[in-house]
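The values are calculated or read from the model by the stated rules, or taken from the named source; none is laboratory data. Keep in mind it's a predicted model, so treat the numbers as computed, not measured. Counting neighbours? That spans all protein chains shown, and the Cβs are built from the backbone with ideal geometry, glycine included. These accessible areas exclude ligands, DNA and RNA; they are computed on the full protein's heavy atoms, side chains included. Shrake-Rupley method; radii C 1.70, N 1.55, O 1.52, S 1.80 Å.
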Amino acid sequence: MPGLLLGDEAPDFEADTTQGRIRFHDFLGDSWGILFSHPRDFTPVCTTELGRAAKLAPEFSKRNVKMIALSIDSVPDHLAWSKDINAYNGDQPVEKLPFPIIADKNRELAVKLGMLDPDERDKDGMPLTARVVFIFGPDKKLKLSILYPATTGRNFDEILRVVDSLQLTAYKKVATPVDWKCGDSVMVVPTLPDEEAKKLFPKGVFTKDLPSGKKYLRYTPQPE
């Protein structure tokens, strides 16, 4: 089946974009990467999403994350659409966005990456591209995927939160609990013994008492 699973290496595809032709692995370099897809140019939900992504681009850049979008139209259409996106943001209607948009007019990448939404179709009866978010680590492997239908816009603040969690848990032996935000307490992973946890987390490890008597809810302040 086409598509990507967690832990899969990103395909090293070549594509035309609004910033020239790219090879995906070269584009990512040693950075984290986000590839997010869109059903079509000049559509309302997509315009709001790309506008928000453009506004948040400096925050992703601070986190060493490269962003790249995909839509099933041509580069000239993408460039014209970029003017609308910038105007939607209240900025000058120029053709440039802070990230490239991949041209996937024949839906080849959308099919390869498992991005098509079978329930939403265009005027010609062709399936639209779903709203997929793929986050890749510096090792080019898929760390997270989120799949929305074409009719539901994504929350890019949530994607930024997820990046914070992924980057923290990639380097520290912690997990992030429900509704976690950067700066909140985190959870010690279950595989880490108590004695080792005390050494790794000098700010302390705090256990919540539970009726079962099991000490598996272990919290510690977010490590630096």
ask   = Where does the chain land at 222 nm, in deg cm²/dmol rounded to the nearest 500, when only DSSP H runs of n ≥ 4 count, each adding -39500 (n - 2.57), divided by all residues?
value = -9000 deg cm²/dmol
key: Derived scalar couplings ³J(HN,Hα) [the stretch 81-93; Karplus, 6.51 cos²θ - 1.76 cosθ + 1.60; whole Hz; x for Gly, Pro]   = 5, 4, 4, 5, 5, 5, 5, 4, 6, x, 9, 4, x
ask   = Which percent, to the nearest 5, of DSSP beta bridges fully inside the chain are antiparallel?
value = 70
message = Give me, ordered by chain and number, the residues 5 or more places off residue 144 or on other chains with an amide H under 5 Å from its own placed amide H.
response = 135
task = With N denoting the number of residues in the chain, provide Rg(C-alpha) divided by 2.2 N^0.38 Å, to two decimal places.
result = 1.17
task = Give me the distance between the Cα centres of the stretch 164-224 and the stretch 23-68, rounded to whole Å.
result = 30
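I need the calculated FRET efficiency for the pair residue 42 and residue 209, taking r as the beta carbon distance and R₀ as 41 Å, to the nearest 0.05.
Approximately 0.15, to the nearest 0.05.
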inquiry  = Using a probe radius of 1.4 Å on heavy atoms only, what accessible surface per residue do you get for the chain? Whole Å² is fine.
reply    = 53
key: Sparse-neighbourhood loop sites, trypsin sites (Lys or Arg not before Pro) in the stretch 150-224 - DSSP loop, at most 14 other Cβ within 10 angstrom   = 181, 203, 208, 214, 215
query = Between 13, 60, 24, which gets the highest mean-square fluctuation from a Gaussian network model of the chain, Cα cutoff 10 Å?
reply = 13
note = Charge tally for neighbours of residue 186 with beta carbon under 15 Å away, counting Lys, Arg as +1 and Asp, Glu as -1, is +3
